[in-house]
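S.K.: Mind looking over this structure? Questions follow.
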Amino acid sequence: MTAVTGRVAAAERGETRIADRVVAKIAAQAAKEAIDEPPADGASPRATVTVHRDAARVRVSLELGYPSDIGRQCGAVRRRVAQRVKALAGMEVPEVAVQVERLHPAGAAQGRIR
């Protein structure tokens, strides 16, 4: 065993790389947290991410209840996703695209059960 004689600069020790799929899971969970009342029979939000250096561009697909303030909820999703990715992965998020794939009418699940 040899003794360490000097300190190694941080840039020479290596780097930490966070996989795109990990950032996508963070984004999907953040989107789920941001939705006021997720539809009971709706799918969980899904996210795809493109990471370039320390920046992540995120696309979130989700389902919302109807009627609801779609614009407000999408804004909340954008803010929450950017905040959580920054906090947990240390990446800037210059873009969060939110795609609403389906609206679930209130009471639709009760209407089908008879």
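The values are calculated or read from the model by the stated rules, or taken from the named source; none is laboratory data. If you're wondering where the values come from, they're calculated on a predicted model, not measured in any experiment. Note that each Cβ is placed from the backbone with ideal geometry, even for glycine, and that neighbours are counted across all protein chains shown. Quick note on the areas: whole protein, heavy atoms, side chains included, nothing else; ligands and nucleic acids left out. Shrake-Rupley method; radii C 1.70, N 1.55, O 1.52, S 1.80 Å.
S.K.: If you take the residues in the range 66-77 that are touching an Asp or Glu at 6+ places or on another chain (Cβ under 9 Å) and open to solvent by 20 Å² or more (accessible area, probe 1.4 Å), which one is nearest to residue 18 (Cα to Cα)?
M.R.: 76
S.K.: List every residue pair whose Cβ atoms lie under 9 Å apart, where the two residues are 6 or more positions apart in sequence or sit on different chains, the first residue falls within the range 26-55 and is within 13 Å of residue 99 (Cα to Cα) and of a type outside the set (D, E, K, R), and the second residue, located anywhere, is open to solvent by 50 Å² or more (accessible area, probe 1.4 Å) and in a strand (DSSP E or B).
M.R.: Taking only residues 6 or more apart or on different chains, the pairs are 28/46; 31/46; 47/59; 48/59.
S.K.: Taking residue 75 as meeting all but one of (1) modelled with pLDDT of 95 or more; (2) over 12 Å from the mean Cα position of the chain (by Cα); (3) in a strand (DSSP E or B), write down the number of the exception.
M.R.: It fails just one condition, (3).
S.K.: Residue 63: over 25 Å from residue 90 (Cβ atoms) and either among the acidic types (Asp, Glu) or open to solvent by less than 80 Å² (accessible area, probe 1.4 Å) (or both), yes or no?
M.R.: Against the criterion (over 25 Å from residue 90 (Cβ atoms) and either among the acidic types (Asp, Glu) or open to solvent by less than 80 Å² (accessible area, probe 1.4 Å) (or both)), residue 63 qualifies.
S.K.: Does the range 31-48 contain any residue that is in a strand (DSSP E or B) and among the aliphatic types (A, V, I, L, M)?
M.R.: yes
S.K.: Does residue 7 satisfy the condition of being over 19 Å from residue 102 (Cβ atoms), free of Cβ contacts under 8 Å to residues at least 24 places away in the same chain and either open to solvent by 100 Å² or more (accessible area, probe 1.4 Å) or among the basic types (Lys, Arg) (or both)? Step through it out loud before you land on a result.
M.R.: Values: over 19 Å from residue 102 (Cβ atoms): yes; free of Cβ contacts under 8 Å to residues at least 24 places away in the same chain: yes; either open to solvent by 100 Å² or more (accessible area, probe 1.4 Å) or among the basic types (Lys, Arg) (or both): yes.
Criteria met by residue 7.
S.K.: Kindly list the number of the only condition in (1) within 25 Å of residue 87 (Cβ to Cβ); (2) in a strand (DSSP E or B); (3) not acidic (Asp, Glu) that fails for residue 65.
M.R.: (1)
S.K.: If I ask for residues that are in contact with a strand residue (DSSP E or B) (Cβ under 9 Å, 6 or more places away or on another chain), assigned to a helix (DSSP H, G or I) and open to solvent by less than 90 Å² (accessible area, probe 1.4 Å), which ones from the range 10-21 would you list?
M.R.: If the condition is that a residue be in contact with a strand residue (DSSP E or B) (Cβ under 9 Å, 6 or more places away or on another chain), assigned to a helix (DSSP H, G or I) and open to solvent by less than 90 Å² (accessible area, probe 1.4 Å), then 20 is the only one that fits.
S.K.: Please enumerate the residues belonging to the range 56-72 that are within 14 Å of the chain's Cα centre (by Cα), of a type in the set (Gly, Ala, Ser) and within 24 Å of residue 102 (Cβ to Cβ).
M.R.: 61, the sole residue that qualifies.
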